[in-house]
1. With r defined as the distance between the Cβ atoms of ILE64 and GLU207 and R0 fixed at 35 Å, what FRET efficiency is calculated, to the nearest 0.05?
2. How large is log10 of I(q)/I(0) for the chain at q = 0.11, 0.15 Å⁻¹ when the intensity is taken from the Debye formula with one equal scatterer per alpha-carbon?
3. At what distance in nm do the modelled label points of THR32 and ARG130 sit from each other, each positioned 7 Å from its Cα along Cα→Cβ?
4. Using 25 Å as the Cα-Cα cut-off, could you pick out the over-long pairs in LYS65/LYS157; LYS25/LYS119; LYS11/LYS91; LYS91/LYS157?
5. Which order results if HIS121, HIS104 are arranged by neighbouring Cβ count within 10 Å, fewest first?
6. In debye, nearest 20, what is the charge dipole magnitude of the chain about its Cα centre with +1 on Lys and Arg Cβ and -1 on Asp and Glu Cβ, if you could check?
7. Can you tell me the Rg and the Dmax, both Å, for the Cα atoms in the range 90-201?
8. State to the nearest 20 debye the size of the charge dipole of the range 90-201 about its Cα centre, where the only charges are +1 on K and R beta carbons and -1 on D and E beta carbons.
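All of the numbers you see were taken from the coordinates with simple rules; none came from a lab. Just so it is clear, the structure is predicted and the values come from calculations on it, not from any experiment. Because the Cβ atoms are built from the backbone with ideal geometry, glycine has one as well, and the counts that use them run over all protein chains shown.
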Amino acid sequence: MAKTVLTISSKNYGAWSLRGWLTAKLAGLHFTEVVISADDPAMKAEMLLLSSSMLVPSLQHNGIKVWDTLAIAEYLHEIKPKAQLLPADAKARAHCRAICGEMHSGFASLRSSLPMNIKAHFPGFKVWSRAQSDIDRVLEIWSDCLTTYGGPYLFGKRPCVADAMYAPVVTRFLTYDVAISPACAAYGQRIMDLPAMREWVAQARLEPSEIEELDAEF
């Protein structure tokens, strides 16, 4: 059987890589991890939002290659149905896909103004109005899901694709000291407490490289 390989970028800066990696972990997929160099053009494109077509993360499994985080998530849902990466109920599943798609294609101001940087912390960070609108929408999504499906995760009792898609935002809120409601803060802490997230963060903190363009300036 061909080896399963997940290619990712920086664990400190790689929001899309985190989404794909966390989804694979939630699926229970056993894989070999390959981290591309900080100088690789594909990594720079992901980090600096320079390309609309991201080839990182990329999954190779049983001779099949899948890239793009949502495509990876759908593929993993097909091959690992018992992981329940998408809700069983059709209405909830459609809702899940909708908010995942919204994250996949939107929130440009949040992405550019508050880039993922797990090792950093900026207390009192000034959030500008466009980014704040994106933040407000994310918090609306979280609150609606937690109320509708009863928590503790966005679609109920176990984390799913939606939680993986919004996990980098959780880290951003911590990095930039974003004020959020107690319920949303508690949800964020549950995400950070996931064993896979603890693993990712620990490895991110060990990364020696820095990307100056992604370090906030004042």
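1. Details: r = 29 Å, r/R0 = 0.84.
Given R0 = 35 Å and the Cβ-Cβ separation, E is 0.75.
2. -0.50, -0.97
3. 4.3
4. On the way: LYS65/LYS157 31 Å; LYS25/LYS119 22 Å; LYS11/LYS91 34 Å; LYS91/LYS157 17 Å.
Pairs exceeding 25 Å: LYS65/LYS157; LYS11/LYS91.
5. Ordered from fewest to most neighbouring Cβ atoms within 10 Å, HIS121, HIS104 come out as HIS121, HIS104.
6. Numbers: 22 positive and 23 negative charges, 153 e Å.
Computed charge dipole of the chain: roughly 740 debye.
7. Over the range 90-201's Cα set, Rg and Dmax evaluate to 13.4, 42 Å.
8. Numbers: 13 positive and 9 negative charges, 42 e Å.
Around 200 debye, computed over the range 90-201.
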